[in-house]
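Asks: Supplied in structure tokens, the structure appears directly below.
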Amino acid sequence: MKHYVRGRIKTNSRTNLLLKLNRINVDIRNIKYEKDYIYFDILSSDIKKIKKYLISYKFEVIDELGIYKLKKELRVNMLFIVSVVFACVVFLILSNIIVKVNIIHQNKDLRELINEDLKEYGVTPMSFKKSYDAYEEIISKIKNKHKDRIEWLEIDVDGMVVNIRVEERILNEEKEEKGYCHVVANTSGIITHILTAKGVALVGVNDFVKKGDILISGEVKLNEEVKNDVCASGRVYAEVWYNVKTSLPLNYTLKEKTGKMRYNIMVKNDMGEYVILKSRVKDKEVKNKYLVKLFGYQVYLQKEYEVIQSNKRYTEEEALNKAISLVHEKLAVKETQTPKIIKEKVLQKSVNNDTLDIEMFVAVEEQIGVVEPYTKEMDSDTSDRTDNDNNNSVS
Amino acid sequence: MHMIKNLQNFLLDQDYYIDIFNNYIHVYCYQELVTLTDKLIELKLNEFGLVIEGSNLSVSNMDNKEILIKGVVNDVRFVR
């Protein structure tokens, strides 16, 4: 293959130069004239002739042509090309690697059981991903192996994370095995509201009940005779009274935002949280915004708000209001729902060593019914005895 | 091989040929470039000389057998 190069010669007399090139039998192509230069393509083997016969002219090679140009470009950009190829290979490898196997189920035993099986079939962190058919095969094998424990299993490949969604098989138990139960009061109070789902309500609204009293009975009676036993259920609300004591320090530290905010990047995994950049604010409050999940790490954009801390002291009125709200919080923690406060009164308040101590009476409406099982044998014996007694009385 | 040779002989006149286009003149098998200016180009061929007159004449491609001249061609003459 002929090796052509693009070159140029500086000259004031183009015609002379061309005539000279012609006389020494140098083939030139694509001749272009620009200012004092003549640009042309020339065979690389003819360069020697020019240097030998046209000593007064300075010939410069500007560029290679054809395949040689490609070779030159490859040579010059070798580092870049190798880097790109290497990056592609790394990307290809990484995109086919499992970084995390995430088994989504609450039951720890089931998770471990499936994890062991997955290890056996080669689905582990830092291993290569498998094809769809291979995963289907693994699913059917695991399901067949644990027929009694697994209802449904799905393998979902999400990037570099393999999510295993599993549904546990729950064998239906006989309802009778659940036993019989009453709904009893877990505290004393005055009934305000009853919702009976199953069983017989033994108390009415405005009745006073003590702790342990049966509110909804599981025994269904007819003419004092137990006809059926069920597991009573329902909700019983009552007015309940509490004496609550709480203490509140009068001195406190107030944090105020200065308005200065800085961005940061936070990554989080199972091991903990890490901030990428050095924090530029001393005292701060942070707000995290989820960005992306990468290689098993959750990446957050963190906003750091600068705050100034100052020591403050409550006035007596402020402290009392704060203490009352603390009492409400305590009651809210006790209850699953926000309690409905019927009435409240501060019984006692005193300030000791910069601390406000208060004692409050609070009447709230709350659910007091709890399910308590009972055995039928004992009751059935009783009912049998009753029947016998009745029979006896009849006879 | 003969076929190729015959085809070559048919397509390429081995003595010479001159193609004249609007702004180009292509001369095949010239022997020598005698004169080269932007108004006059003289070529020596085997049996005659070729004089090309015009304006802005320049050589676009040139090797030992053929030459491509670019420019506004006003006159082409044979000199024997």
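The values are calculated or read from the model by the stated rules, or taken from the named source; none is laboratory data. Because the structure is predicted, anything quoted here is derived from the model rather than measured. With ideal geometry, Cβ positions are generated from the backbone for all residues, glycine too; neighbour counts draw on all protein chains shown.
Asks: Residue by residue through segment A:24-35, note down the ones that are more than 9 Å from every other protein chain (Cβ to nearest Cβ) and touching a helix residue (DSSP H, G or I) at 6+ places or on another chain (Cβ under 9 Å). Working first, answer last.
Replies: First pass over segment A:24-35, keeping only residues more than 9 Å from every other protein chain (Cβ to nearest Cβ): A:24, A:34-35.
A:Ile24, the sole residue that qualifies.
Asks: Looking only at segment B:46-55, count how many residues are aromatic (Phe, Trp, Tyr) and either under 14 Å from B:Ile25 (Cα atoms) or buried (at least 16 other Cβ atoms within 10 Å of the Cβ) (or both). It would help to see each step written out before you state the result.
Replies: First, the residues of segment B:46-55 that are aromatic (Phe, Trp, Tyr): B:48.
Add one more test, that the residue is either under 14 Å from B:Ile25 (Cα atoms) or buried (at least 16 other Cβ atoms within 10 Å of the Cβ) (or both), and what stays is none.
Final tally of qualifying residues: 0.
Asks: To continue, here is another question. Considering only segment A:46-55, I want to know if a residue exists there that is assigned to a strand (DSSP E or B) and either aromatic (Phe, Trp, Tyr) or more than 10 Å from chain B (Cβ to nearest Cβ) (or both). Break it down stepwise before answering.
Replies: Restricting attention to segment A:46-55, the residues satisfying the condition of being assigned to a strand (DSSP E or B) are none.
Scanning segment A:46-55 turns up no residue that is assigned to a strand (DSSP E or B) and either aromatic (Phe, Trp, Tyr) or more than 10 Å from chain B (Cβ to nearest Cβ) (or both).
Asks: Out of A:Val267, A:Val307, A:Val286, A:Val292, I need the residue that is in a strand (DSSP E or B) and modelled with pLDDT under 85. Which one?
Replies: On the way: A:Val267 fails: modelled with pLDDT under 85; A:Val307 fails: modelled with pLDDT under 85; A:Val286 fails: modelled with pLDDT under 85.
Exactly one of A:Val267, A:Val307, A:Val286, A:Val292 is in a strand (DSSP E or B) and modelled with pLDDT under 85, namely A:Val292.
Asks: Which pairs do you get when a residue that is surrounded by 15 or more Cβ atoms within 10 Å (Cβ to Cβ), found in segment A:349-375, comes within reach of a residue that is of a type in the set (Gly, Ala, Ser), reach meaning Cβ atoms under 6 angstrom, with the pair 6+ apart or on two chains?
Replies: As it stands, the answer is A:Leu356/A:Ala319; A:Leu356/A:Ala323; A:Asp357/A:Ser247; A:Asp357/A:Ser350; A:Ile358/A:Ala323; A:Ile368/A:Ala185; A:Ile368/A:Gly189; A:Ile368/A:Ala238, since those pairs meet every condition given.
Results for (1) surrounded by 16 or more Cβ atoms within 10 Å (Cβ to Cβ); (2) hydrophobic (A, V, I, L, M, F, W, C); (3) under 18 Å from A:Ile28 (Cβ atoms), shown as yes or no for each residue.
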site	(1), (2), (3)
B:Asn6	no, no, no
B:Leu11	no, yes, no
B:Asp38	no, no, yes
B:Leu43	yes, yes, yes
B:Leu57	yes, yes, yes
B:Met62	yes, yes, yes
B:Lys70	yes, no, yes
B:Arg77	no, no, no
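Asks: Hey, B:Thr37 hits all of (1) among the hydroxyl-bearing types (Ser, Thr, Tyr); (2) under 21 Å from A:Leu17 (Cβ atoms); (3) away from chain A (no Cβ under 14 Å) but one; which does it fall short on?
Replies: In the conditions (1) among the hydroxyl-bearing types (Ser, Thr, Tyr); (2) under 21 Å from A:Leu17 (Cβ atoms); (3) away from chain A (no Cβ under 14 Å), B:Thr37 misses (3) alone.
Asks: Let me ask something else. Residues that are surrounded by 11 or more Cβ atoms within 10 Å (Cβ to Cβ), of a type in the set (Val, Ile, Thr) and outside the structural domain of A:Gln298 (by TED's automatic domain parsing): which helices (runs of 4 or more DSSP H) entirely in segment A:70-166 hold 3 or more of them?
Replies: On the way: elements: A:78-94, A:108-120, A:132-145.
By residue number, A:132-145.
Asks: For residues that are within 14 Å of another protein chain (Cβ to nearest Cβ) and at pLDDT 90 or above, scanning just segment B:64-80, find the one that is farthest from the chain's Cα centre (by Cα). Outline the logic, then answer.
Replies: Quick first cut of segment B:64-80, residues within 14 Å of another protein chain (Cβ to nearest Cβ) only: B:64-71.
Now drop any that are not at pLDDT 90 or above, which leaves B:67-71.
On the way: B:Ile67: 6, B:Leu68: 7, B:Ile69: 8, B:Lys70: 11, B:Gly71: 13 Å.
Selected residue: B:Gly71.
Asks: Another one. Which ones in segment B:46-63 are within 14 Å of another protein chain (Cβ to nearest Cβ) and either among the hydrophobic types (A, V, I, L, M, F, W, C) or touching a Phe, Trp or Tyr at 6+ places or on another chain (Cβ under 9 Å) (or both)? I'd like the intermediate steps shown before the answer.
Replies: Start the filter on segment B:46-63 by keeping residues that are within 14 Å of another protein chain (Cβ to nearest Cβ), which leaves B:52, B:56-63.
Those that are within 14 Å of another protein chain (Cβ to nearest Cβ) and either among the hydrophobic types (A, V, I, L, M, F, W, C) or touching a Phe, Trp or Tyr at 6+ places or on another chain (Cβ under 9 Å) (or both): B:Ile52, B:Leu57, B:Ser58, B:Val59, B:Ser60, B:Asn61, B:Met62.
Asks: Does segment A:330-349 contain at least one residue that is at pLDDT below 80 and in contact with a helix residue (DSSP H, G or I) (Cβ under 6 Å, 6 or more places away or on another chain)? I'd like the intermediate steps shown before the answer.
Replies: Start the filter on segment A:330-349 by keeping residues that are at pLDDT below 80, which leaves A:330-339.
Subsequent filtering for residues that are in contact with a helix residue (DSSP H, G or I) (Cβ under 6 Å, 6 or more places away or on another chain) retains A:338-339.
The answer is yes, given that some residue of segment A:330-349 is at pLDDT below 80 and in contact with a helix residue (DSSP H, G or I) (Cβ under 6 Å, 6 or more places away or on another chain).
Asks: Where the second residue is aromatic (Phe, Trp, Tyr) and the first is under 22 Å from A:Gln298 (Cα atoms) and lies in segment A:87-99, which pairs have Cβ atoms under 6 Å and are six or more apart or on separate chains?
Replies: Short answer, once both residue conditions are applied: A:Asn96/A:Phe128; A:Val99/A:Phe295.
Asks: On to the next question. In this structure, does A:Ile42 turn out to be in contact with a Gly (Cβ under 6 Å, 6 or more places away or on another chain), surrounded by 11 or more Cβ atoms within 10 Å (Cβ to Cβ) and part of a strand (DSSP E or B)? Walk me through how you get there before you give the answer.
Replies: Details: in contact with a Gly (Cβ under 6 Å, 6 or more places away or on another chain): yes; surrounded by 11 or more Cβ atoms within 10 Å (Cβ to Cβ): yes; part of a strand (DSSP E or B): yes.
Yes.
Asks: Within segment A:45-69, track down each residue that is among the acidic types (Asp, Glu) and either surrounded by fewer than 12 Cβ atoms within 10 Å (Cβ to Cβ) or touching a Gly at 6+ places or on another chain (Cβ under 9 Å) (or both).
Replies: Step one: of segment A:45-69, the residues among the acidic types (Asp, Glu) are A:46, A:60, A:63-64.
Residues satisfying the conditions are A:Glu60, A:Asp63.
Asks: For segment A:202-254, which positions are surrounded by 11 or more Cβ atoms within 10 Å (Cβ to Cβ), among the β-branched types (Val, Ile, Thr) and within 30 Å of A:Thr355 (Cβ to Cβ)?
Replies: A:Val240, A:Val244, A:Thr246, listed by residue number.
A quick yes/no check of all residues on (1) within 14 Å of chain B (Cβ to nearest Cβ); (2) out of contact with any helix residue (DSSP H, G or I) (no Cβ under 9 Å at 6 or more places or on another chain); (3) of a type in the set (A, V, I, L, M):
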| position | (1), (2), (3) |
| --- | --- |
| A:Leu19 | yes, yes, yes |
| A:Ser44 | no, no, no |
| A:Ile62 | no, yes, yes |
| A:Gly66 | no, yes, no |
